[in-house]
Amino acid sequence: MSGLPAIIKKVLEEYDTVLGWDAGGAGGTAAPARFQTAEDAERAVFDATCVHNLAVHLPRLKGKRVGIVAKACDCRSIVQLVQERAVDRAAVRVIGVGGCGGTVDVRKIWQQFSYGAEIVSSMDSLSINGAVVDRAGFLRHKCLDCGESEPVISDEIYEAGGMPALSGGNEASLMTDGAGVAESGAASGAAGSGAGETRSLRAEFQAMSPAERSGFWRQQYAKCIRCYACREACPMCFCRDVCIMQTMEPHWTGGGAGAREAEMMQLIRVNHLAGRCTGCGECERACPMGIPLMLLMEEQNRAVEELFGYRAGADPEARPPLLTFSIKGDSWSGE
Ligand code: SF4
Ligand code: SF4
Ligand code: SF4
C-alpha cells in the first residue's frame, strides 16, 4: 500500500470519514470527495486541480472524527478554526500536502479552451486536450504569491513532489483568479484575462483615488445576485443559521439584489472576517459574477498584519488579536 489512498486508509482505521478529492470533476479535474471505507479511499487523487479548501466542511462535521487532506493554505484555515473553537483539534486528523507546487485556475483554462476541456495535471506539468502547455501561465495568483507550500500543522504528510513554492512579483502574480479579471478589467479599460496580456487589476486598484475605488466597487456590487456563494465557500463564515445577512431581527440587510444591498452585505462580511480571513481565495473563486472579492480581503488582511503583526492561521500558538479580550468588572451593572 502506498501513496495517498494508503494514508487515507490508515486514518480511516480510527476516524469516521476523510475529506479529499477524487477525479470526478468535468474534464478529469478533481472534485471534493468524502471517503468512508478502504474501497472509497482507492479513488483518492491529488493534482493541481485540487483547488477547493475542504476546511469549509469541518465546522459542519463537528462531533465526528474527521480526516482531511489539506494543502498548506488550507491548513491555515484549520488552524484558525481550531483557535476559534469551531473545530476540535483532537477530532481532526490533518493529512498535510507537502511539496505543493501550486494549483491551476481551471476557469481560466476553460475560458481559453472550452468548458470541460480535458486537463491532465501534476505538480510540475499540465496538458490540455493532450497537448502540454505552460503550467505557470495557468497557476492561481495565490500560488504565484504563496512562498509557504509546507503545512503549518499536520498529523500525516502526503508528499506531492511539486516544485518549490513560487514567489510573487511578476505580472501574472498580480492578477485576480477567475472570470472577474476579464469583466472588471474591461470595466476599467484593461485588456483580456490571459497571463501577460492583462494589466494588473491589483496594481490598477492600488493606483485609484478613494472616489475611483468607490465607483469601481459600485460597478462590481451592481453585478451581485445575492446568491451567497461567497459566504458558503468561506471556511470562516460558519455562523450559518444566525448569519447576520439573513436574520430578521435585527434586519441589517434588505432582501433585494441591488448594489446598495450588496455593498452592505460585503461591508458586514469583510468586517466580520477582520483578523480571521486566511486569504484562501475561495469566496472569489465561488462568485459566479466574477466579483474580485479578494481585493477587499487583501486590503483588510494587509491592515491587520501592519497593525497587529498577525496573519490568520499562520501560527497555531498565536492569539488572534481581534478575538482576544479580558472581562473587567460587570458589564451589566457597570461596576
Ligand atoms: S497557495 Fe501555496 S499551498 Fe496553496 S495551493 Fe497554492 S502553492 Fe499550494
Ligand atoms: S473571506 Fe475569502 S479568502 Fe478569506 S477565508 Fe473566507 S473564503 Fe478565504
Ligand atoms: S458570490 Fe458573488 S454574486 Fe453571490 S452573493 Fe457573493 S458577491 Fe454576490
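The values are calculated or read from the model by the stated rules, or taken from the named source; none is laboratory data. The model shown is predicted, which means the values in this text are computed figures rather than measured ones. Don't worry about glycine lacking a Cβ; one is built from the backbone with ideal geometry, like all the others, and counts go over all protein chains shown. Side chains are part of the model used for accessible areas, which takes the heavy atoms of the whole protein and leaves out ligands, DNA and RNA. Shrake-Rupley method; radii C 1.70, N 1.55, O 1.52, S 1.80 Å.
Values computed for the structure shown
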| item | result |
| --- | --- |
| Of residues in the range 88-120 being open to solvent by less than 20 Å² (accessible area, probe 1.4 Å) and in a strand (DSSP E or B), the one farthest from ligand 2 (Cβ to nearest atom) | 119 |
| Test: residue in the range 188-205 that is modelled with pLDDT of 50 or more, surrounded by 19 or more Cβ atoms within 10 Å (Cβ to Cβ), in contact with an Asp or Glu (Cβ under 7 Å, 6 or more places away or on another chain) and at negative phi | yes |
| Number of the exception - residue 317 against (1) more than 16 Å from ligand 1 (Cβ to nearest atom); (2) open to solvent by less than 60 Å² (accessible area, probe 1.4 Å); (3) within 23 Å of residue 72 (Cβ to Cβ) | (2) |
| Test for residue 276: is it closer than 26 Å to residue 106 by Cβ, crowded, with 17+ Cβ neighbours inside 10 Å, modelled with pLDDT of 80 or more and within 16 Å of ligand 2 (Cβ to nearest atom) | no |
| Qualifying residue in the range 322-330 (condition: open to solvent by less than 60 Å² (accessible area, probe 1.4 Å) and not in a loop (DSSP other than H, G, I, E, B)) | no |
| Filter pass, residue 81 being within 24 Å of residue 292 (Cβ to Cβ) and open to solvent by less than 10 Å² (accessible area, probe 1.4 Å) | no |
| Pairs with Cβ under 8 Å, 6+ apart, first in the range 209-228 and under 11 Å from residue 258 (Cα atoms) and open to solvent by 80 Å² or more (accessible area, probe 1.4 Å), second within 14 Å of ligand 3 (Cβ to nearest atom) and of a type in the set (A, V, I, L, M, F, W, C) | 218/259; 225/257; 225/289 |
| Residue match in the range 54-69 (condition: at pLDDT 90 or above and within 16 Å of ligand 3 (Cβ to nearest atom)) | yes |
| Residue ID - farthest from residue 221 (Cα to Cα), chosen from residues in the range 260-285 that are assigned to a helix (DSSP H, G or I) and within 16 Å of ligand 1 (Cβ to nearest atom) | 282 |
| Selection within the range 53-71 - open to solvent by less than 10 Å² (accessible area, probe 1.4 Å) and assigned to a helix (DSSP H, G or I) | 54, 55 |
| Pairs, first polar (S, T, N, Q) in the range 67-88, second open to solvent by less than 10 Å² (accessible area, probe 1.4 Å) and in a helix (DSSP H, G or I), C-beta under 7 Å, six or more apart | 77/55 |
| Out of 307, 293, sole residue that is surrounded by fewer than 16 Cβ atoms within 10 Å (Cβ to Cβ) and away from ligand 1 (no atom under 16 Å from the Cβ) | 307 |
| Restricting the range 3-44 to residues that are β-branched (Val, Ile, Thr) and open to solvent by less than 40 Å² (accessible area, probe 1.4 Å), the residue that is nearest to the chain's Cα centre (by Cα) | 29 |
